[in-house]
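The values are calculated or read from the model by the stated rules, or taken from the named source; none is laboratory data. For clarity, every value in this text was computed on a predicted model and none was experimentally measured. In this analysis, Cβ positions are derived from the backbone assuming ideal geometry, glycine residues included, and neighbour counts consider all displayed protein chains. For accessibility, only protein heavy atoms count, side chains too; no ligands or nucleic acids. Shrake-Rupley method; radii C 1.70, N 1.55, O 1.52, S 1.80 Å.
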Amino acid sequence: MGVVTSRSALSRQHQVSAETGFHRCWYPIALARDLSAEVVLGRDVLGTRVVAYRDRQGRAVVQSAWCPHLGADLSLGCVADGHLRCPYHHWSFDTAGTCVRIPSGDKIPSAARIFTYPTAEAWGLLWAFNGEQADCDLPRIPGAEEATTCFEAGERGRRDWETWIAVSNGVDFQHLRTLHGLPAGVVPERIEVEGTGIEFRTGNDYYLQHGRISGTNTFAQHLRVGGNDMFMMFSGVPIGPGASMGYFVAGVPKEQADRLSGVRKMMDQLSEEDAPVLAGMRFRRGILTASDRHLAAYFKYVDGFPGFLPPQA
Ligand code: FES
Ligand SMILES: [Fe+2]
């Protein structure tokens with residue numbers, strides 16, 4: 001029998017293997033308002049470290065933080081003349097990740113590159129796609145457009161759980177009543193599982209829920225209760241196996257802006273109620289019953305989700 005290291009055991013348990021990397025999803029990396037052309041942000045995400053900054057045109061750039069020369073942390077560097085400059089020997093990289101300058105004048109090796117993630121800004125968040133090219137849509141909130149929504153984006157900090165396990169909440173209709181104490185809702189007849197998302201609608205005359213899972217790390221929903229619309233997005237990015245950073249977006253139609261703080265409070269409460277359970281779990285796909293059928297479909301969807309490991313991650 002071979003040696004099972006704690007790392008490989010943990011990786012298997014959390015469906016994260018060193019060979020396949022993290023899921024090919026859009027991940028929130030930072031609040032868009034924290035991004036600037038002057039400061040290079042550093043973030044420990046996806047089992048590695050990335051930098052984030054704005055280029056001369058104001059576009060967001062997310063790249064590997066490890067310098068290919070000796071491995072210095074590029075987030076300790078700066079953006080000079082539109083290029084990311086390493087703090088150690090001042091190698092400089094363009095927004096595509098190519099090394100464009102070595103101050104000593106040495107020939108620039110063709111391998112002197114840093115990985116550059118596809119990026120987007122939406123709902124007040126900076127998103128990076130874990131892959132060379134994005135092959136799925138940005139997470140969206142059903143029924144909501146940024147232009148007509150009054151919204152607030154925020155960070156929840158480090159969470160001691162996997163994002164994909166937290167997202168299973170979105171199709172765990174039993175826990176809404178048992179853990180959150182909400183009135184018995186209407187369980188959708190079916191959930192639509194497509195390649196990189198899951199969507200469902202349920203409700204009655206008084207209550208409507210339109211939910212969407214994007215990738216394996218974002219759950220968003222439009223709730224209409226007694227004629228009042230609420231928009232919520234819960235997202236996260238893995239730091240490594242068993243740990244993640246949480247983000248959220250709360251929203252209401254622009255003409256009802258005074259209700260935003262109420263939606264925010266409701267999201268805070270839901271998150272606080274979920275937190276101790278998620279943090280304390282030893283997750284397993286245990287004994288599922290008929291009421292867990294949507295959860296079972298979600299677990300199958302996660303099993304088939306492709307991964308990606310950036311070069312030199
Ligand atoms: S470690 Fe970055 S330039 Fe030397
Ligand atoms: Fe929950």
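Just the residues that are over 18 Å from ILE108 (Cα atoms), in contact (Cβ under 8 Å) with a residue 12 or more places away in the chain and part of a loop (DSSP other than H, G, I, E, B), please, taken from segment 56-68. Walk me through it before giving the result.
As a first pass, look at segment 56-68 and keep what is over 18 Å from ILE108 (Cα atoms): 56-65.
Within this subset, residues satisfying the condition of being in contact (Cβ under 8 Å) with a residue 12 or more places away in the chain are 56, 58-65.
ARG56, GLY58, ARG59, ALA65 - these are the residues of segment 56-68 that are over 18 Å from ILE108 (Cα atoms), in contact (Cβ under 8 Å) with a residue 12 or more places away in the chain and part of a loop (DSSP other than H, G, I, E, B).
What single numbered condition from (1) at pLDDT below 95; (2) touching a Pro at 6+ places or on another chain (Cβ under 8 Å); (3) charged (D, E, K, R) fails to hold for GLU199?
For GLU199, the exception is condition (1).
Do we have any residue at all in segment 150-169 that's modelled with pLDDT of 95 or more, among the β-branched types (Val, Ile, Thr) and out of contact with any strand residue (DSSP E or B) (no Cβ under 7 Å at 6 or more places or on another chain)?
Yes: segment 150-169 contains one or more residues that are modelled with pLDDT of 95 or more, among the β-branched types (Val, Ile, Thr) and out of contact with any strand residue (DSSP E or B) (no Cβ under 7 Å at 6 or more places or on another chain).
In segment 81-99, which residue that is open to solvent by 30 Å² or more (accessible area, probe 1.4 Å) and under 15 Å from ALA37 (Cβ atoms) is nearest to ligand 1 (Cβ to nearest atom)?
ARG85
For residues in segment 37-55 being open to solvent by less than 20 Å² (accessible area, probe 1.4 Å) and outside any strand (DSSP E or B), which is farthest from GLY236 (Cα to Cα)?
Here the answer is ASP55.
Against the conditions (1) modelled with pLDDT of 95 or more; (2) open to solvent by less than 80 Å² (accessible area, probe 1.4 Å); (3) in contact with a strand residue (DSSP E or B) (Cβ under 9 Å, 6 or more places away or on another chain), where does GLY280 fall short? Just the number, please.
Evaluating GLY280 over (1) modelled with pLDDT of 95 or more; (2) open to solvent by less than 80 Å² (accessible area, probe 1.4 Å); (3) in contact with a strand residue (DSSP E or B) (Cβ under 9 Å, 6 or more places away or on another chain) leaves (3) as the failure.
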